[in-house]
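What follows is calculated from the coordinates using simple rules that are stated; it is not laboratory data. Since this is a predicted model, take the numbers as computed values, not measurements. Don't worry about glycine lacking a Cβ; one is built from the backbone with ideal geometry, like all the others, and counts go over all protein chains shown.
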Amino acid sequence: MNILAQYCGVVLMIVILFFHSTQKKVHLYSERAFMGIWRVTFASLLLDIMSMALLTYHHAFPDIVVETGCKAYVASLVWVAIFCVNYVCADIYKAQYQLYQKKLFLCGALFTVGVYILPIYMRTESTSKTYTYGPSTYLTYFLALLVLLVLGWLLYRYRDSTSARLRRVMGAWMGVWLLGAVIEFVSIQFWDDALLLVGYASAVGTFIIYLRLENPEANLDWKTGFFNQNAFLLYTGQQLFQKREFYLLCMSCSLGTSENTSSGTDEIVFKEMTRFISKISGTKVFRITENEIVFLFFDKEEEERVYRQLRSRFKKPWGKGRMHIIRPKWFSLTDTGIVNRAEDLLELFQYMLQKSIGSGEDNDYSVIDGSIIRELNQEKEVEQLLLKAMKQDWIEVFFQPIYSTEKGQFVSAEALTRIHDASGNIIPPNMFIEVAEQTGLIVKLGEMVFEKVCRFIQRENPARYGIEYIEVNLSLIQCGFDHLAEGFINIMKKYDIDPNYINLEITETASLNEKRTLLTNMKALREFGVSFSLDDFGTGHSNLNYIVEMPVDIVKFDRDMIQSYFHSEKAKYVMDAAMHMIQGMQLQIVSEGIETKEQYRVMEKLGISYIQGYYFSKPLPEREFLEFISNG
Ligand code: C2E
Ligand code: MG
Ligand code: MG
């Protein structure tokens, strides 16, 4: 009997079972469906060995026993293919796959009846060439091929909703199985020794599925042993699909990046924290990103209990000598009905994190509800609009004139960006600048705006109306971009703009890194001839020290500060003091947001050199701006 291949197959299957059963699993449909493949493939291998034994020792058994045994084996081949289709269905139809499973198994039962009804013939005269043939065997091959075709069709039909990896792996499974079948068929026809490889090929196919799709390790975070992002997406996707209620608690804190965990203390803290979390019962733990851990519950009370447990532990220090205090941020999502896809959950947590960092609030616990989803969706809409506006060139620059109290005329203007939508509605910057900053689009947008300003200066030469320079806003993100100066200098050269004609407005940054890059950019641009203003002075983000450190020529008093000057005695003193100090440093001041004649008079009396505000004009589109300054 030539059944070495079958023995190898059995060993391979046992190895798969060993590893599969000893690893931590998430409990996905596909895991269950994979075990189906394993069972049927293993049974098929055993039946193969049994049928070969029956054929070899056929004298010792009644014909009906030998025949039934051989038919059981050939029928099992069809079942292997059917279970593979079932596996793919579990991926495509998720919870509903059980519905299809019933139909599939019914087909399998009908096929089996067909295989049993038809006669089977046996070649037994030479022990090196024992095999079955005849209508029952041919029907089996035909049916198995048919099921494989269905499998191929499913993978093709659902190519958009299934992963490329699933398609590749199942394609490989089919390839291996067909190769085994072809070698078996050819060897029976033409060689002295029959190579009965189909059973072994199925085992190899199962091994490939295990390695590439079902290895539970693929769902684990190797560093913590918690489930990883992939497992989170699959598992929550499954729960959402089933409309099963569940609760999520996300803990966000620096769990140590790969660089700083190499230092001894951090590694100890990290391990201690991991050990503590892994001991918590009643929850599934996922490490969805480097610094975020999500706890999943099916019971609200459990969630509250675990939150209390975690919170009280995090109040105490960690590490050797108890030196490290870690303050995580917590995000709780109790109504998972507000999302449709597992990916939305990830996005929500990212969004919350970004928001909490951006707001700088002390609050470390937030509940994610419908309003957050609406906010996020609105931001996504703005992002889409912004992308479209950048592509279609729906970007416009408005100019707001700036008046010199000394010269009694308009000497400058601030460039302020607007975008418009398909129907021409103008969208103000407070609607899109923040989104542009969060998505990083601001760098490209900022360059486009700057190019538009330069083109305008080249084409219209506003100097002929007494405009001495144009102010352009820079976002902090742009300031922290290494190639800012280089890009801006190139644009100025392209349009042959005198750099003295450009003044860039910066705002204060708390980040040291950003400040360093900003200073390098400023140095290069100043050497080229560009000057700088400090915008938004008096908004709470500004301190006097910043003016000392930053090489700026102009300080712009924010509208809020000006407004409070008129409403509060204390604010008056603060602004007076600030003004004297700034003037003492030989810097110019622009007062923004001057709306009335009275306000203008007060500013003029105070000795503020430049005034900007609705009192003179709102920001105007190019044409109107030119008309305005040519008359002013
Ligand atoms: P900002 O740089 O402080 O610009 C001044 C804002 O105050 C402008 O709003 C202007 O229209 C408004 N303003 C001026 N005078 C008055 C007044 O008398 N009363 C009132 N109520 N408001 C007045 P805008 O154009 O909506 O711009 C808002 C902010 O958007 C700007 O504040 C700036 O930070 C940002 N921004 C605008 N364009 C750009 C850009 O191209 N790049 C970047 N990074 N930011 C920009
Ligand atoms: Mg500004
Ligand atoms: Mg301002």
Item checked: Angle in degrees between helix 4-22 and the longest Cα principal axis of the chain, rounded to the nearest 10 -> 40
Checklist line | Separation in nanometres of the label points that stand 7 Å from Cα toward Cβ, at TYR156 and ARG327 | finding: 6.0
Check: Taking H as built 1.01 Å from N, whose amide H comes closer than 5 Å to the amide H of PHE246, not counting residues under 5 places away?
Finding: THR336
Item checked: Cα-based convex hull volume of the chain per residue, rounded to whole Å³ -> 229
Notebook entry, point to check: In the neighborhood of PHE399, defined by Cβ-to-Cβ distances under 14 Å, what is the net charge if each Lys or Arg adds +1 and each Asp or Glu adds -1?
Noted result: -3
Notebook entry, point to check: Can you give me the Cα centroid spacing of the range 354-405 and the range 169-220 in angstrom?
Noted result: 54
Checklist line | Net charge contributed by nearby residues that have their C-beta within less than 15 Å of VAL411 (K/R +1, D/E -1) | finding: -3
Checklist line | Eligible aspartates and glutamates near LYS315 by straight Cα distance, threshold 16 Å, same-chain separation 8 or greater | finding: GLU272, ASP362, ASP364
Next item on the list: Specify the inter-centroid distance of the range 540-598 and the range 1-43, based on alpha-carbon positions, in whole Å.
Entry: 75
Check: Hey, with R₀ at 41 Å, roughly what FRET efficiency would LEU179 and LEU519 work out to, going by the Cβ-Cβ distance, to 0.05?
Finding: 0.05
Note to self: Once R0 is set to 60 Å, what does the formula 1/(1 + (r/R0)^6) return for the Cβ-Cβ distance between SER511 and LEU17, expressed as a FRET efficiency to the nearest 0.05?
What the structure shows: 0.65
Item checked: 222 nm mean residue ellipticity, helices alone, for the chain (DSSP H n ≥ 4; -39,500 (n - 2.57); rounded to 500) -> -19000 deg cm²/dmol
Check: Tell me, in nm to one decimal, what length is gained between SER312 and TYR133 on full extension, where the rule is 0.36 nm per residue of separation less the Cα-Cα distance?
Finding: 57.3 nm
Next item on the list: Could you calculate the contour length gain from PHE528 to VAL113, that is, 0.36 nm times the residue separation minus the distance between their Cα atoms, to one decimal place in nm?
Entry: 140.7 nm
Notebook entry, point to check: When the Cα centres of the range 437-496 and the range 498-527 are compared, how far apart do they sit, in Å?
Noted result: 13
Check: Non-local amide H neighbours of VAL555 (under 5 Å, H modeled in plane, Pro and chain starts lacking H): which ones?
Finding: LEU534, GLN588, ILE589, VAL590
Notebook entry, point to check: Calculated FRET efficiency, ILE92 and ARG39, Cβ-Cβ r, R0 30 Å, to nearest 0.05?
Noted result: 0.90
Check: Amide H to amide H, which residues 5 or more places from LEU197 or on other chains are under 5 Å from it, using H placed in the peptide plane?
Finding: GLU184
Margin query: As a footprinting exposure proxy, order THR596, THR405, THR336 by other Cβ within 10 Å, with the fewest listed first.
Written below: THR596, THR405, THR336
Note to self: Please list 3J(HN,Hα) in residue order for the range 451-459, calculated via the Karplus relation 6.51 cos²θ - 1.76 cosθ + 1.60 where θ = phi - 60°; whole Hz, with x for glycine and proline.
What the structure shows: 5, 4, 4, 5, 4, 4, 5, 5, 6
Next item on the list: Measure nothing fancy, just the Cα-based angle from helix 484-494's long axis to the longest principal axis of the chain, in degrees from 0 to 90, nearest 10.
Entry: 70
Item checked: Total formal charge among the other residues, if their Cβ is under 11 angstrom from that of TYR495, Lys/Arg +1 and Asp/Glu -1 -> +2
Next item on the list: Just the number, please: percent antiparallel of the DSSP beta bridges in the range 361-484, rounded to the nearest 5.
Entry: 75
Notebook entry, point to check: In degrees from 0 to 90, rounded to the nearest 10, what is the angle of the helix 342-359 Cα long axis to the longest principal axis of the chain?
Noted result: 30
